Every structure is written in C-alpha cells, then in structure tokens.
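What follows draws every value from the coordinates through simple rules; no lab data is involved. For clarity, every value in this text was computed on a predicted model and none was experimentally measured. When we count neighbours, we look across all protein chains shown, and the Cβ atoms used for this are built from the backbone with ideal geometry, even at glycine.
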Ligand code: NDP
C-alpha cells in the first residue's frame, strides 16, 4: 500500500520572493506530519488567467493570493464565500474536488489578535491610515464588531479615502475621511490607530510621533517587516498598547491552513517560523 500523494499548495503574487507564507505554512505541515508542501510562484498581472488554469490542471490543493491579484482573481474562481464577497477581495482559495472557492482571511487575521487580548472596541474612535486593499479588510472587520463609535480614514489619495468611508457606511460603520497630512491632529484624539499603508516597509519614519499618541491607545501596525516599525517604537515610547503586523500575518495564515486541512493550525510552530531565533519582540 502506497502513502497518500503529496498535496501541493502555493502563493501567487508579484513580487512574491519576499513572502513569509511558504516558511510559515511548511512549518505547519511539518509540525502536524502532513505530506504537503507549499511554494511561491511569481505571477504577473497578464499571466493571472493562464496561471489559474494551470493550477486547476495540476489539481493544486489550495493557494494564497497576494498583490496585485486579490481582486482580479475573483473572476476566475467558481465560488466565493461570504468573507470574500464582503471584502471584494480574495487571499485564500481552496480546491474542493475541482471547485475553486475563494475566501478572505485578512478580515479574521486583523481582528483575531484584538480578540485574543480581549479588547472591547465599543465606544472607540479608530484612526485608520490607508485606503488600499488591506484597509478595506480592516473596515469589514471593524464593521463586524459591536459599537465602534467612529472610523476616521486618512489617505494620500482623498478620493480613495472617501470611497472607503462610503463602503464602511454601507456596512453600518460611522466613517469619515480626512487628508493624510493632518493625521497628527487626529491621532491625538484616537483610541485606536491602525496603519494599513505601506509606510514602514522601507523603514520610513512613522507619520505619527509619540507626542501625538495618548497613553493606552491601541496602536496596530499591520506592516510586519520590520517587526518593530518606527510607528511601533513611537507607540511604545507613548506607553500605548501595541499590536504587531506579524500577528495579523500569522492569524490570516492559520485561518487559511484550517480552511485547507480542516485541522486546528499549529500556531506556535507557525509563529516560531515567522519570528525566527530572535523570538517575540519585547
Ligand atoms: P495597497 O497598495 O492596496 O495600498 C497601499 C496604501 O498605502 C494606500 O492607502 C496608499 O495610499 C498608502 N501609501 C503608500 N505609500 C504611502 C506614503 N508614502 N504615504 C502615505 N500613504 C502611502 O496595499 P495593501 O493595502 O494591500 O497593503 C498595505 C500594507 O499592509 C502593506 O505594507 C502590506 O505588507 C501590509 N499588509 C499586511 C498584512 C498582514 O497580514 N499583516 C496583510 C495585508 C497587507 P494612496 O492610496 O494614496 O496611494
């Protein structure tokens, strides 16, 4: 009797060479002794349709989708679950006996670290920096929480901020938009600050400094590389309550793993892989 065939999973995106998902998901498969493997494929925008056809042909078990395909991939899938429909974007696809079904696990990934800390968002004013794909997942996640008082969306491109505010309102969230260069005034009033821009990825200085963060404010930087961004440094200096981007990355990946395998994700092994020998930041 032969062993079960290897199941193959992957991530598609461009660029994708920096992705931490292969390491994290392979660590999960190894921890549970699963005969599965996960690899990264660079797929440019023009190659998306052909790539999905190829993934179908090889009977891929499941895959993740990253920039720039999270919206475009939807038209090549057979089914979308409620999270994908609500977010208007897909980051996880499961192959269910030939049917490709799309999910959005960024919504769960964002909220889970707050839930684990037992943070109650009711009555809070949230300052959301950014109005791109990740910011949209944040808005959907916040709309599912009880009693968030208001979300103020600050973005360079004002039109995108206004559109996201409108989408948030449609989900029942009270939203406003504001110019990005005025964030310091809004940050001093916020109970939670979420950075969903790519500022920090290139070690850029934080758009908000410690003088404009109240003690005890929740500061959540979804940028995960570096683990400790300048915003996180400023937040610590202000004695804020910090949530790291790697936590969202871990939780969205754990949820994807659970969708694919039906097993509880080995979060410790995945976290260890993400953080490496240096472990949790202090
Ligand atoms: P998008 O390209 O869709 O959006 C980028 C956002 O960043 C836009 O709002 C853009 O503003 C803003 N921005 C970029 N550069 C600047 C700048 N110099 N000054 C002000 N605003 C700027 O990307 P995503 O939404 O997909 O991703 C955003 C970040 O979130 C990335 O760093 C990504 O790594 C991270 N992320 C983390 C996840 C996690 O699991 N932790 C999951 C998904 C994303 P404008 O519209 O004006 O151009």
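Annotations
- Among 37, 105, the order by Cβ neighbours within 10 angstrom, fewest to most, reads 37, 105.
- Rounded Å value of the spacing that divides the Cα centres of the range 63-116 and the range 232-256: 21 Å
- Seen through its C-alpha gyration tensor, with square-root eigenvalues sorted a ≥ b ≥ c, the range 124-282 comes out oblate because a/c lies at 1.5 or above while a/b is not bigger than b/c.
- Rel. contact order, % - alpha carbon contacts under 8 angstrom, at least six apart, the range 107-243: 22 percent
- Our summary gives the chain a relative contact order of 16 percent, counting only alpha carbon pairs under 8 angstrom and 6 or more residues apart.
- The alpha carbon centroids of the range 131-155 and the range 177-206 are separated by 14 Å.
- Cα-based shape type of the range 212-282, given that a ≥ b ≥ c are square roots of the gyration tensor eigenvalues and the cut on a/c is 1.5: prolate
- Both numbers refer to the Cα atoms of the range 16-100; Rg and Dmax are 13.1, 37 Å.
- DSSP beta bridge pairing in the chain, given as percent antiparallel to the nearest 5: 20 percent
- Per the Debye calculation on the chain with a single equal scatterer at every Cα and no solvent contribution, log₁₀ I(q)/I(0) for q = 0.12, 0.17 Å⁻¹ amounts to -0.75, -1.41.
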